[in-house]
Amino acid sequence: MGMMIFTTACLAETIFLIWSFTTKDGQDKWKEAVRAGGLALLFLLLLAKVLRGFFRYAFFAGVLAIQVLWVGIRLYRKKEAPFRKGKWILKWIGNMLLYGICLLPAIVFPQYKEPVVTGSYAVKLAEYTWEDESRMETYTDTGENRSLTVKFWYPAEEGSYPLVVFSHGAFGVIDSNYSTCKELASNGYVVASIGHPYHAMFVEDVNGRVTMADREFIQQAYTVNDIGDFEVEEKIYAYSKEWMEIRTGDENFVLDTILQKAAKGEEGPFSMVDAEKIGLFGHSMGGASSVQLGRERDDIDAVINLDGTMLGEYTGYEDGVWYYSKEPYPIPLLDVTSRAADNRKGNPGGPVYVNFYVGENAVDYHYTVFEDAGHLNFTDLPLVSPPLARMLGCGDVDALDCIENVNEMVLHFFDYYLKGKKDSRWEAVY
C-alpha cells in the first residue's frame, strides 16, 4: 500500500506539473482541493482499517496537512504563487523526495497478511527484564551485570503446558519468530523468546531502554563469511566459542529463572509451566546455541535448529582441520535448512559439514529442507519487511506459505516429542 500511495502521489504531482507548464499557471486551487481530498481519504482508509498502522502513514499525512494549510493561507490572502518553470520543476523534485522519505515506513514495513494460527487457545503476552547477577556484561566497560529481556506467549486458559524457549539469530530481534511463538502458544505451549543484548539488532527492555547491536560483534559476524582462509578460520573458531558462551549463558539463565519461578508457583506464565517437558528452538546463531544447550542440560527433551551452523559442536581447529564433538548428540534434534544452503554444504573429498557429522552420530536426528527458501525465510522478516529481507537474504519462495510451513513443522515436532502425539508428522522436504 505504501508504494501504491507513493506512486499515486507522484503521478498527481506530475500531472499538475504538466498542466502548469501548459497553462503557465501554478493551479494552486486544484492542488489544494486534491491534497485536501487525499488527506481526508487517507484518514477514512485508516479509520476503516483498510490501511493499518498509523505510524506508517503519519509523516505523509503531516506533509499533506502542512501543504494544504500553506496553500490555503496563500489563497485566503489572494497571493497565488506566480508560475516560474524552473521553480516548479524544483518543487516537483522536492515533493517526490519528500513523499518518498515520508512513506518510507510504509514501503519498508508494508501491511501484510499474518500467518494463520491453528490452535484453539487464546494467547496472552507478558514481558520481563531480568538481571543476571552471576555475569558481568562483556560488551560494556561500565561494570554492570548482564540484563535480559524475555517475551512470553502463553494460553489464556489455566493449565499445565510444555515450555519452549526461542533464541533469535545474529542481528535478529525478540519478535523474529513472532508467528511461530504465537502458533505454539495457541496450541498449548508456554513460549519464551530471549532478546540477546548487543547480538540483537536492538532490544528494548521493560523500562524503555534500547540496546543496539555491538559494532565489534557485527564486524566479527561478517568475518565468518570469509571461511576458507586458515587465518580467518582460526578467528572464527575463537569467535564462535565466545558467542556460544554468551548465548548459552543467556539461555541457561532464562531457563533457570523460569523454572525457579514455576517451582514457586508465581503468577502469569510461570504457574502454567510443565517443568518435565522442555524444548528449545532457534534461528541461525540462536539455533547453534540451542543445540549446544540441548547437549549440556539434562532437562531438555527436544531441539530444533532453524538454518544454523552448529558452532557449539566444534571442539578445535588446527592446521586447516576442524574437530567436532565425538559424543553422540543425546536428544531428539530437528535440523532445518534451505535447499541452497544444503547444496553448498557438500564438499566431496573434504571434511564433513559439522551439522551432517552431528546427524550421523546423533541418537535421534531429523533433517528437513525447504525448497527455494533463503536464510531469513525461517523468520517473519520477509513478511514484516520484504525489502530488508531481500537485502539480507531470502529466497524466491512465497514468504507466507514458507513461514506457515515452518510453524506447522515446529508445532508437529514438539507435539511429537513434548506431548507424545504420535500422529504428528513433518516433512523431509517442503
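Condition check for Asp396 on (1) surrounded by 14 or more Cβ atoms within 10 Å (Cβ to Cβ); (2) of a type outside the set (Ser, Thr, Tyr); (3) under 25 Å from the mean Cα position of the chain (by Cα): one failure, at (1). Are any of the residues in the stretch 252-273 closer than 27 Å to Glu144 by Cα, open to solvent by less than 40 Å² (accessible area, probe 1.4 Å) and of a type outside the set (A, V, I, L, M, F, W, C)? Among the residues of the stretch 252-273, at least one is closer than 27 Å to Glu144 by Cα, open to solvent by less than 40 Å² (accessible area, probe 1.4 Å) and of a type outside the set (A, V, I, L, M, F, W, C), which makes the answer yes. The set of residues in the stretch 7-25 that are within 23 Å of Ile107 (Cα to Cα) and charged (D, E, K, R) contains only Glu13.
The test for being exposed (fewer than 14 other Cβ atoms within 10 Å of the Cβ), in a loop (DSSP other than H, G, I, E, B) and at pLDDT below 95 holds for Thr140. Scanning the stretch 357-380 for residues being in contact (Cβ under 8 Å) with a residue 60 or more places away in the chain and either in a strand (DSSP E or B) or surrounded by fewer than 23 Cβ atoms within 10 Å (Cβ to Cβ) (or both) gives a total of 6.
As for the stretch 81-100, it holds no residue that is within 30 Å of Leu381 (Cα to Cα), surrounded by 13 or more Cβ atoms within 10 Å (Cβ to Cβ), at pLDDT below 80 and of a type outside the set (A, V, I, L, M).
Among the residues that make up the stretch 301-317, is at least one of them open to solvent by 40 Å² or more (accessible area, probe 1.4 Å) and either modelled with pLDDT under 95 or assigned to a strand (DSSP E or B) (or both)?
Keep residues of the stretch 301-317 that are open to solvent by 40 Å² or more (accessible area, probe 1.4 Å), which gives 301, 309, 315.
In the following step, the residues that additionally are either modelled with pLDDT under 95 or assigned to a strand (DSSP E or B) (or both) were identified as 309, 315.
For the stretch 301-317, residues open to solvent by 40 Å² or more (accessible area, probe 1.4 Å) and either modelled with pLDDT under 95 or assigned to a strand (DSSP E or B) (or both): present.
When the stretch 407-430 is filtered for residues that are open to solvent by less than 60 Å² (accessible area, probe 1.4 Å) and touching a helix residue (DSSP H, G or I) at 6+ places or on another chain (Cβ under 9 Å), the ones remaining, listed by number, are Asn407, Val410, Leu411, Phe414, Ser424, Trp426, Tyr430. Being within 22 Å of Glu276 (Cβ to Cβ) and either over 18 Å from the mean Cα position of the chain (by Cα) or part of a strand (DSSP E or B) (or both): is that true of Tyr154 here? Yes, satisfied. Of all the criteria given as (1) open to solvent by 20 Å² or more (accessible area, probe 1.4 Å); (2) closer than 24 Å to Lys182 by Cβ; (3) part of a strand (DSSP E or B); (4) not hydrophobic (A, V, I, L, M, F, W, C), the one not satisfied by Tyr323 is (2).
All of (1) at pLDDT 95 or above; (2) farther than 24 Å from Ala126 by Cβ; (3) exposed (fewer than 14 other Cβ atoms within 10 Å of the Cβ) hold for Ile246 with one exception: (3). Among the residues of the stretch 189-212, those identified as surrounded by fewer than 21 Cβ atoms within 10 Å (Cβ to Cβ) and assigned to a loop (DSSP other than H, G, I, E, B) are Tyr198, Met201, Asp205, Val206, Asn207, Gly208, Arg209.
Do we have any residue at all in the stretch 168-185 that's open to solvent by less than 10 Å² (accessible area, probe 1.4 Å) and in a strand (DSSP E or B)? No, that holds for no residue.
The residues of the stretch 284-300 that are open to solvent by 10 Å² or more (accessible area, probe 1.4 Å) and within 25 Å of the chain's Cα centre (by Cα), listed by number, are Ser284, Met285, Gln292.
The values are calculated or read from the model by the stated rules, or taken from the named source; none is laboratory data. Source: prediction; values computed, not measured. We place every Cβ from the backbone using ideal geometry, glycine too, and count neighbours over all the protein chains shown. SASA here: full protein model, heavy atoms, side chains in, ligands and nucleic acids out. Shrake-Rupley method; radii C 1.70, N 1.55, O 1.52, S 1.80 Å.
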